[in-house]
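Read through the structure below, which is laid out as structure tokens, and then see the notes.
The values are calculated or read from the model by the stated rules, or taken from the named source; none is laboratory data. Being a predicted model, the structure only gives us computed values, none of them experimental. Neighbour counts run over all protein chains shown; Cβ positions are idealised from the backbone, glycine included. Accessible surface is based on the protein model in full, side chains and every heavy atom, while ligands, DNA and RNA are left aside. Shrake-Rupley method; radii C 1.70, N 1.55, O 1.52, S 1.80 Å.
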Amino acid sequence: MSHHTNRQITAQFFLTATQPCPYLPGRDERKVFTTLRGRDAATMHDELSLRGFRRSQSVAYRPSCPTCASCLSTRIPVAGFEPSRTQRRIARRNADLTRRACAPWATEEQYALFRRYLDTRHAEGGMAEMDAAEFAAMIEETPVRSRVVEYHDPGLPRGETLVAACLTDVTNDGLSMVYSFFSPEARGRSLGQFMILDHIEIAREAALPYLYLGYWVPGSPKMDYKAAFRPFEIYVRGRWRLMRDAQEAAEAAPKGPAPFDPI
């Protein structure tokens, strides 16, 4: 099964400078990107999402690396998703949490959780030094329809109930999980996987066919969790292709450098 779009996109695309890859040691990364501005920003975002692009504030980007094409844009067709036994346990484990869908406006509670998450899990990552103003920009500078989906534990003291959150875009065919973070103290809850499971349910409730997960990188332990949500689709050679498991997806992934081909 595959999906292809022939709609034309008119935009200026640029290449970033090459820098070390954060996922695969010894490799370099580079991105092709364009800006999302004006009245057509949301429409442009929808069209680029169909071509494997992701959003960061007012920029849409996709990997265009000089030596490999390992980053695979991934989405879940929510109608065909069936949770595994482990995923059903995760859903039950977090049934006590309360979901709140909020306007994209950064709060002190969100930033405090974000800092704990980064300091514990990504202290050496590229976002490790983000301050409150930069966090607010990540949340609030959006030219498309976005929400912050919060998850609260009512059993915690007042003012400390937020245990997970995800900046989520709404496209014409699905939800896109832009960035998620969660309490490092709640290890037993598997909150990262739970948020994906809950976003699948949100998409179903809204009659949206897809949940976009961003890039999955075969061979990167940081990304293994995405391939556990099966079946899933990857964007390869201009088409979305349905994959039954990680091995099939890895075999279908293109070999060699990613071409500079924006659309």
**Prompt:** Once a ≥ b ≥ c are taken as the square roots of the eigenvalues of the Cα gyration tensor of region 1-130, is the result rounded (a/c under 1.5), prolate (a/b larger than b/c) or oblate (a/b not larger than b/c)?
**Reply:** rounded
**Pairwise label distance in nanometres, Ala95 with Gln57, each label 7 Å out on the Cα-Cβ vector** = 4.3
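Note down the magnitude of the dipole of region 145-229 about its Cα centre, charges +1 on Lys and Arg C-beta and -1 on Asp and Glu C-beta and zero elsewhere, to the nearest 20 debye.
In total the dipole reaches around 140 debye.
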**Selection from His122, Gly38, Ser84, by position along the positive dipole direction of the chain (Cβ)** = Ser84
**Arg204 paired with Arg39, simple spin-label distance in nm, labels 7 Å along Cα-to-beta-carbon** = 3.9
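When only DSSP loop residues count, what chymotrypsin sites (Phe, Trp or Tyr not before Pro) in region 85-177 have their Cβ near at most 12 other Cβ atoms within 10 Å?
Numbers: sites: Trp105, Tyr111, Phe114, Tyr117, Phe135, Tyr151; in loops: Trp105.
Sparse-neighbourhood loop chymotrypsin sites (Phe, Trp or Tyr not before Pro): Trp105.
Can you list the GluC sites (Glu not before Pro) in region 118-224 that are in a DSSP coil and have 11 or fewer other beta carbons within 10 angstrom? Mind dumping the intermediate values first?
Working: sites: Glu124, Glu129, Glu134, Glu140, Glu141, Glu150, Glu160, Glu185, Glu201, Glu205; in loops: Glu124, Glu129, Glu141, Glu160, Glu185.
Of the GluC sites (Glu not before Pro), the ones in loops of region 118-224 whose Cβ has at most 11 other Cβ atoms within 10 Å are Glu124, Glu129, Glu185.
Let me know the charge dipole size of the chain about its Cα centre in debye, to the nearest 20, where only the beta-carbon of Lys, Arg (+1) and Asp, Glu (-1) is charged.
Working: 35 positive and 31 negative charges, 156 e Å.
Computed about the Cα centre, the dipole is about 740 debye.
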**Karplus 3J(HN,Hα) series, Hz, for region 229-234 with 6.51 cos²θ - 1.76 cosθ + 1.60 (x for Gly, Pro)** = 9, 10, x, 9, 10, 10
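Accessible area of region 21-95 with a 1.4 Å probe: how many percent of it is carbon plus sulfur?
Numbers: 1690 of 3540 Å².
C and S atoms contribute 48 percent here.
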**Item:** Rough spin-label spacing in nm, given labels placed 7 Å along Cα→Cβ, for Phe14 and Cys102
**Value:** 3.2
**Message:** Can you list residues from other chains, or at least 5 along the same chain, whose modelled amide H is less than 5 Å from the amide H of Leu24?
**Reply:** none
